[in-house]
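Chemist: Sharing a structure here in structure tokens format.
The values are calculated or read from the model by the stated rules, or taken from the named source; none is laboratory data. Fair warning: this is a prediction, and the values are worked out from it, not measured in the lab. Please note: Cβ atoms are built from the backbone with ideal geometry, for glycine as well, and neighbour counts cover all protein chains shown.
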Amino acid sequence: MKRLTRDEAVDALRGGLVVVVPTDTVYGVAARLSDPGAVASLFKVKSRPGHVALPVIVSSLDQVAHLAVEWSDDARRLAERFWPGALTIIVNADPALASRVGAASTLGLRRARHEVLSSIIEECGPLAVTSANEHGRAPCTSADDVLATSWAAPVAGVLDGGVCDGAVSSVVELTGAGWHLRRAGALSVAELVSVLGPESST
């Protein structure tokens, strides 16, 4: 594995390869969502169980509009308040699209606050991204961390974007019955409640 320039990372992703990219939280292993073979390779590289769903990073709400997902008023309000940032919003999605990332009927979406990554996604389309680490171990926060690991050998390369802050995104799932916090992270429950109201009890 080697360090990639931004343009090399774009070319590799467009070529169906798996690439490590910086985000505003940690380094992530990425593949184009529109390329089922590349997404399958991402699961293999990470030794990630096929039923553990991958989140998807977009660069804009326009990209969300072109995905087969249900974007409710609650999702819109969350995105307007906290995107770009460390919030993953899980919404209902077409089962064919959901299954590509290891889910049954949902998709977890995030818009990262990282300018270089956003520019790459504008060119390549939404990316399936998971933390750059061996499944079950601590994520990498620098390109040097990634290069020092053995699991990443099959990856095309890493785009060095400096040191990430290491915080994880909060994960909120929206359902017809309300919302649930699936993972605590950078956002407080109080911040989420200020937008959505109290968390659903069921």
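Conditions tested, residue by residue: (1) buried (at least 19 other Cβ atoms within 10 Å of the Cβ); (2) farther than 19 Å from Leu13 by Cβ; (3) among the aliphatic types (A, V, I, L, M).
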site: Val116; (1), (2), (3): no, no, yes
site: Thr130; (1), (2), (3): yes, no, no
site: Glu134; (1), (2), (3): no, yes, no
site: Val146; (1), (2), (3): yes, no, yes
site: Thr149; (1), (2), (3): no, yes, no
site: Val163; (1), (2), (3): no, yes, yes
site: Val168; (1), (2), (3): no, yes, yes
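Chemist: Going by the conditions given, is Leu181 surrounded by fewer than 20 Cβ atoms within 10 Å (Cβ to Cβ), at negative phi, modelled with pLDDT of 95 or more and within 18 Å of the chain's Cα centre (by Cα)?
Modeler: Details: surrounded by fewer than 20 Cβ atoms within 10 Å (Cβ to Cβ): yes; at negative phi: yes; modelled with pLDDT of 95 or more: yes; within 18 Å of the chain's Cα centre (by Cα): yes.
Spelling it out, Leu181 is indeed surrounded by fewer than 20 Cβ atoms within 10 Å (Cβ to Cβ), at negative phi, modelled with pLDDT of 95 or more and within 18 Å of the chain's Cα centre (by Cα).
Chemist: Right, here's the next one. Consider only pairs whose beta carbons are under 8 Å apart and that are at least six residues apart or on different chains; among these, list those whose first residue lies in the stretch 5-23 and is assigned to a helix (DSSP H, G or I) and whose second residue is basic (Lys, Arg).
Modeler: Leu13/Arg32; Arg14/Arg32
Chemist: Right, another one. What's the number of the only condition in (1) under 25 Å from Glu123 (Cβ atoms); (2) touching a residue at least 60 places away in the same chain (Cβ under 8 Å) that Ile90 fails to meet?
Modeler: Unmet for Ile90, out of (1) under 25 Å from Glu123 (Cβ atoms); (2) touching a residue at least 60 places away in the same chain (Cβ under 8 Å): (1).
Chemist: Go through the stretch 53-82 residue by residue and tally those that are in contact with a Lys or Arg (Cβ under 9 Å, 6 or more places away or on another chain) and not in a helix (DSSP H, G or I).
Modeler: 7
Chemist: For the stretch 151-159, does any single residue satisfy the condition of being surrounded by 21 or more Cβ atoms within 10 Å (Cβ to Cβ) and modelled with pLDDT under 90?
Modeler: Among the residues of the stretch 151-159, at least one is surrounded by 21 or more Cβ atoms within 10 Å (Cβ to Cβ) and modelled with pLDDT under 90, which makes the answer yes.
Conditions (1) closer than 20 Å to Leu42 by Cα; (2) among the small types (Gly, Ala, Ser); (3) touching a Pro at 6+ places or on another chain (Cβ under 9 Å), marked per residue:
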position: Trp83; (1), (2), (3): no, no, no
position: Arg110; (1), (2), (3): yes, no, yes
position: His114; (1), (2), (3): no, no, yes
position: Ala143; (1), (2), (3): yes, yes, yes
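Chemist: Same structure, new question: Checking Trp71 against (1) among the aromatic types (Phe, Trp, Tyr); (2) surrounded by fewer than 21 Cβ atoms within 10 Å (Cβ to Cβ); (3) under 27 Å from Ser142 (Cβ atoms): exactly one of these is not met. Which one?
Modeler: Result: Trp71 passes all but (3).
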